[in-house]
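Please read the structure below before turning to the comments.
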Amino acid sequence: MSLLSTVKLTLTSFGMLLTGACAAQNVPPTEAASAKWKDASVYAIDVKNLDGTKGDLKQFEGKVAIIVNTASQCGLTPQYAALEALALKYKDRGVVVLGFPSGDFGGQEFESASEIREFCTIKYKITFPLFEKCSVNAGATQSPIFECLAAKTGKLPGWNFGKYIVSKDGKSATFFDSRVAPDSKEIEAAILAAIQQ
């Protein structure tokens, strides 16, 4: 096999791996999770701000939230620019983007809150809220936010930059995997539908 063929095969394999990794994890909710989160609002969950201080999701109740598991050192990190544009575009229509940094996928998030804040501010001029670095994947350390969203949608991100469009009452959500760009027609349609509900 020639060197060129080997390189093409390697790149094709990498592309297939990346595409598969970006897909959603199907997570059928257990009876316990369904009972726990069925009527619960995402906006009632306790969170911490990026700096570790007590956060408040209740302030977003009545708005449509776009909840995203973010990472600063990922090939998809440029999605930050489109997320910021969405936040600004729909701000006056009751839409907010909420970023939850995570290192679950490839360890592609900085360790410290100050590094995350500095990167997001300098590189992408992010103005939307960022919360404490957390775990997305199911298990003992999973963030309650992602446990709740998984119970409501049956989906968890399979990679960085999975997106949930959350209803104004926080009781329902629609999931889009990492491959769906924030400025895609699908995301915009879901935002507009949620605004009208």
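Structural remarks
- Filtered residue count, the stretch 151-161, keeping only those that are crowded, with 22+ Cβ neighbours inside 10 Å and closer than 21 Å to residue 74 by Cβ: 5
- Checking each residue in the stretch 173-197 for being assigned to a helix (DSSP H, G or I), more than 17 Å from residue 153 (Cβ to Cβ) and among the acidic types (Asp, Glu) picks out only 188.
- Yes/no for residue 176 being buried (at least 20 other Cβ atoms within 10 Å of the Cβ), within 15 Å of the chain's Cα centre (by Cα) and farther than 19 Å from residue 61 by Cα: yes
- For residue 56, the conditions (1) of a type in the set (Asp, Glu); (2) over 20 Å from residue 173 (Cα atoms); (3) part of a loop (DSSP other than H, G, I, E, B); (4) without any contact (Cβ under 8 Å) to a residue 24 or more places away in the chain all hold with the exception of (2).
- The requirement of being among the small types (Gly, Ala, Ser), on the phi < 0 side of the Ramachandran plot and surrounded by 12 or more Cβ atoms within 10 Å (Cβ to Cβ) is satisfied by residue 24.
- Some residue of the stretch 146-158 being touching a residue at least 12 places away in the same chain (Cβ under 8 Å), polar (S, T, N, Q) and at negative phi: yes
- Counting only helices (runs of 4 or more DSSP H) that fall entirely inside the stretch 77-165 and contain at least 1 residues that are β-branched (Val, Ile, Thr) and modelled with pLDDT of 95 or more, the qualifying elements are 113-124, 144-153.
- Within the stretch 179-194, the set of residues being surrounded by 15 or more Cβ atoms within 10 Å (Cβ to Cβ), in contact (Cβ under 8 Å) with a residue 60 or more places away in the chain and more than 11 Å from the chain's Cα centre (by Cα) comprises 179, 181, 187, 191, 194.
The values are calculated or read from the model by the stated rules, or taken from the named source; none is laboratory data. Quantities reported herein were computed from a predicted structural model and do not represent experimental measurements. Here Cβ is always computed from backbone atoms with ideal geometry, including for glycine, and neighbour counts include all displayed protein chains.
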